[in-house]
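The values are calculated or read from the model by the stated rules, or taken from the named source; none is laboratory data. All figures in this text were calculated on a predicted structure; none of them were measured in a lab. Counting neighbours? That spans all protein chains shown, and the Cβs are built from the backbone with ideal geometry, glycine included. The accessibility values were calculated without ligands, DNA or RNA, using every heavy atom of the protein model including side chains. Shrake-Rupley method; radii C 1.70, N 1.55, O 1.52, S 1.80 Å.
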Amino acid sequence: MQGFIHQVMSGIATGGIYASVALALVMIYQATHHINFAQGEMATFSTYIALTLINIGLPYWIAFAATVVISFAIGVAIERVLMRPLANAPVLASVGVFVGLLLVINSMSGWLFDYTIKQFPSPFPDRSMLGGYLSGHELGSTAVTLIVLACVYLFFTRTRLGLAMRAAAFNPTSSRLVGVRVGWMLALGWGLAAA
């Protein structure tokens, strides 16, 4: 029974990582009504940026914050350079760009950071917690995921910018009529998804 409980708790912790990627996928889908096939590669690229910053000597949380900012800028650039010109293109054109983006980011990751598997350091304690059912890393990553989900929820339901982004995704024409800059709302959505 203890092994079963450990596997369930560990699965929930690992599922939190997948929930973060799924959140980014949903954000892009809600804004563009297209599935970003490159989202996993974008997350991998961001992780490599963080690992590089840590390896050059930055403290973990400073490297984390810098990676979020860099990833946000990359997401905005992708929307402005690649996706904006395709705003009225057929669906298959967007699918082709997403697949191409997946291949480009994958190749750039290998070219810049190498194709070997690397160990990413954890900021959380390595000891077992909750009676040995979870490690400190699993508990910490689950807590971070829940905090991020709560912040995203509050952002989209309680802030003017979040509500403007939701309005731009739901009805771009009406949003433009009330002064929402729809193009920039889409770019911010891409930036948040990348971050």
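With respect to the conditions (1) assigned to a helix (DSSP H, G or I); (2) free of Cβ contacts under 8 Å to residues at least 40 places away in the same chain, residue 89 lacks only one, and its number is (1). Within segment 65-86, the residues that satisfy the criterion of being touching a residue at least 24 places away in the same chain (Cβ under 8 Å) and either among the β-branched types (Val, Ile, Thr) or open to solvent by 50 Å² or more (accessible area, probe 1.4 Å) (or both) are 68, 69, 70, 72, 73, 74, 76, 78, 80, 84.
Put simply, of 154, 101, 112 the only residue that is of a type outside the set (Val, Ile, Thr), touching a Leu at 6+ places or on another chain (Cβ under 7 Å) and modelled with pLDDT of 90 or more is 101. Based on what the data block shows, is residue 6 at pLDDT below 85 and not in a helix (DSSP H, G or I)? So residue 6 fails the test. Residues in segment 89-98 that are over 16 Å from residue 194 (Cα atoms) and open to solvent by less than 80 Å² (accessible area, probe 1.4 Å): 6 in all.
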